[in-house]
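The values are calculated or read from the model by the stated rules, or taken from the named source; none is laboratory data. These numbers were taken from a predicted model, which means no experiment stands behind them. Neighbour counts are summed over all protein chains in view; Cβ atoms, including those assigned to glycine, are modelled from backbone coordinates with ideal geometry. What goes into the accessible areas is simple: the full protein's heavy atoms, side chains included, and nothing from ligands, DNA or RNA. Shrake-Rupley method; radii C 1.70, N 1.55, O 1.52, S 1.80 Å.
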Amino acid sequence: MATGLAVLQRYSHCQPDGRGDNRVLSFRAMQSRIYQSEVFNMACRQFDRAADLLDIPAADRERTKYPKRCVAVTMPVRMDDGHVEMFEGYRVQHHLSMGPTKGGTRFHPAVTLGEVAALAMWMSWKCALVGLPYGGAKGGVAVDPTRLSRGEKERVARRYMQEMIPFVGPNTDVMAPDMGTDPQTMAWMMDTYSNVVGCSVPAVVTGKPIEIGGSEGRLESTGRGVAYLVKRYLESFNVRPQHSTVILQGFGNVGSHAALGLLEYGCRIIGISDITGGVYNPAGIDVHEALRHTAVHGNLGGYNGGERLSNEALLEQPCTVLVPAALERVITKDNAPRLQCRFLAEAANGPTTVGADEVLEERGDIEVIPDILCNSGGVICSYFEWVQDLQSLFWERDEVLRKLFEVLDKARYHVESQKERLGISRRNAALTLGIERVARAKGLRGIFP
Ligand code: NAD
């Protein structure tokens, strides 16, 4: 099962140099080399901070922090014009101590192994925080899906799953959608897996269409979860949704469903954006019209429901709630001083750098709803889908959403208690809860052999 990279990493760890410290250093250096990227460094720094707060013994830190397994594959895919193009695909499984690993698959040109590893780490802390029996995983293909025809996208998705079959399965690693992938992509992946193993295996992916074993409520669950948590936080700070304005970055699955949910709760959506730039309208954007535009044109380009602003400028407009729902590392130490929101709801994974966190903590006037809590609705509903698939017993949408909101309320309660108890930021409260649970599970299981 070990990949070339994993073998290399283990070999380095076993160098008989006789000096414990050197061994740890060389292991760390190897990890940094394998996963080298800003976003991986950011996830590591977040872990280190939380581990310090928890006082995790040095001997247990490396084991808890670094990914268990990574797979990198080269994928030849035949394009519509007949030529063969090569793509790079990745899957990182962060830890296997609490059940199968679970995580999305991203199709984006900027995907790297390091980014996927960071996203897998965050998935681990997220699953543990909300009490799911999973380790974290993530995967991706470095490809721009907007430049692929439907047939090409299908062949990339199928080839990716085919390459990953030795490493995934309903009891080992369960995939889901992420940026650039959707229910149809999951259907192709599930079909590929099922064809190879010889029977229908819906539980190998989540986020599928309902007709082939998907769950009611899963499609909108991440965005709806974001909206629900924002509402709960507004209530706890005595801010009425009807008096709240919202700006969202990213108008894909998560951003659009968060916008719809917040609209339903009475908020006014004054800014939206996607890869083509931002639209700003203090009088309120017609979200349904914007969705109709994206359904026809594929993006917000040419949408004239407000003033056009750059993505960067949009983030800095005054609003009650700012919702980054696209990429990592968009709130930085440079723009954090200029944010004019009261709440920062992190629908994307890793949208706020460590430097920006320091600025926000110093400012103290922005309530951060950290990513591993804020966007956990997606993996919670994915868990519900997996459970339904394994039992072949399916729930109504109301039941799914009721259960989702119960889990979110419980997680929010734990985060707020931890924040008060330790006198730490909300992000560190969420991270320490997740990391502590993973570390405890590893301790209880011990080391084999
Ligand atoms: P998506 O592909 O459906 O939408 C992504 C959106 O971001 C699109 O509107 C795209 O145009 C926009 N975008 C891309 N690059 C951008 C840029 N440079 N500037 C501004 N906008 C840009 O993806 P999604 O599923 O909505 O995922 C969005 C984020 O939410 C990601 O960080 C993802 O990891 C996270 N997330 C997704 C889920 C899920 O269930 N889909 C769950 C948890 C977290």
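Using the Cα atoms of segment 387-435 to build a convex hull, what is its mean projected area in square nanometres?
4.3
On the Cα set of segment 121-197, report Rg and Dmax in Å, please.
Rg and Dmax of segment 121-197, Cα atoms, are 13.4, 39 Å.
Accessible surface of residue 224 in the full protein assembly, 1.4 angstrom probe, to the nearest 10 Å²?
40
Starting from 0 in steps of 5 Å, tell me what percent of the Cα-Cα pairs of segment 182-233 lands in each bin.
Percent of Cα pairs in each bin: 5, 22, 23, 16, 12, 9, 7, 4, 2, 1.
Calculate what fraction, in whole %, of the accessible area of segment 264-378 sits on carbon and sulfur atoms when a 1.4 Å probe is rolled over the protein chains.
Whole-percent figure for carbon plus sulfur exposure: 49.
Report the semi-axes of the equivalent ellipsoid for segment 31-144 in whole Å, largest first, where each axis is √(5λ) for an eigenvalue λ of the Cα gyration tensor.
30, 15, 11
Springs between alpha-carbon pairs under 10 angstrom, Gaussian network model over the chain: which of 53, 263, 431 fluctuates most?
53
What are the membrane-span-like helices in the chain by this rule: whole DSSP H runs, Cα extent along the axis at least 20 Å, mean Kyte-Doolittle hydropathy at least -1.0?
Length and hydropathy pass: 20-35, 38-54, 113-129, 183-197, 218-236, 377-391, 426-445.
Whole-Hz Karplus ³J(HN,Hα) for segment 328-336, in order, using 6.51 cos²θ - 1.76 cosθ + 1.60 and θ = phi - 60°, x for Gly and Pro?
Taking θ as phi minus 60°, the curve returns 6, 6, 9, 9, 10, 5, 7, 8, 4 Hz for segment 328-336.
To the nearest µm²/s, what D does Stokes-Einstein give for the chain at 4 °C and 1.567 mPa s, using the Kirkwood radius over alpha carbon pairs as Rh?
58
Calculated FRET efficiency, residue 74 and residue 110, Cβ-Cβ r, R0 22 Å, to nearest 0.05?
Calculated value: 0.75.
From a point 7 Å beyond the Cα of residue 416 in the direction of its Cβ, which residues of segment 232-248 have a backbone N at a distance under 20 Å?
232-244
Which whole-number value in Å² is the accessible area per residue of the chain, probe 1.4 Å?
Using a 1.4 Å probe on heavy atoms only, each residue of the chain averages 41 Å².
Once fully extended, how much extra length lies between residue 171 and residue 29, figured as 0.36 nm per residue of separation less the alpha-carbon to alpha-carbon distance?
47.9 nm
Take every Cα pair under 8 Å in the chain that's 6+ residues apart, average their separations, divide by the length, and report that relative contact order as a whole percent.
Worked out over the chain, it gives 15 percent.
Taking the chain as a Gaussian network, Cα atoms linked when under 10 Å apart, which of 417, 382, 236 shows the biggest mean-square fluctuation?
Looking only at 417, 382, 236, the biggest GNM fluctuation is shown by 236.
Which residues among segment 226-253 fall inside the zone where the amide N is under 18 Å from a point 7 Å beyond the Cα of residue 398, along Cα→Cβ?
In segment 226-253, the label zone of residue 398 (backbone N under 18 Å from the point 7 Å along Cα→Cβ) covers no residue.
Around residue 111, which amide H atoms from residues at least 5 apart in sequence, or from another chain, sit under 5 Å from its own amide H, with H modelled in the peptide plane?
143
Keeping the other protein chains in place, figure out the carbon and sulfur percent of the accessible area of segment 164-211, with a 1.4 Å probe.
Exposed carbon and sulfur together represent 58 percent of the surface.
Under a 1.4 angstrom probe, counting protein chains only, how are 196, 323 ranked by accessible area, largest first?
Descending order: 196, 323.
Jot down the per residue volume, in cubic angstrom and as a whole number, of the convex hull over the alpha-carbon atoms of segment 152-195.
Per residue, the Cα convex hull of segment 152-195 comes to 68 Å³.
Please list, in order, the residues from segment 263-291 whose amide nitrogen is less than 13 Å from a point placed 7 Å along the Cα→Cβ vector of residue 242.
Those under the cut-off are 265-268.
Within 10 Å of each candidate Cβ there may be at most 10 other Cβ atoms; applying that plus a DSSP loop requirement, which GluC sites (Glu not before Pro) in segment 374-449 survive?
Loop-located and lightly packed - 396.
Tell me, what are the semi-axes, in whole angstrom and largest first, of the equivalent ellipsoid of segment 350-449 as set by the roots of 5 times the Cα gyration tensor eigenvalues?
29, 21, 12
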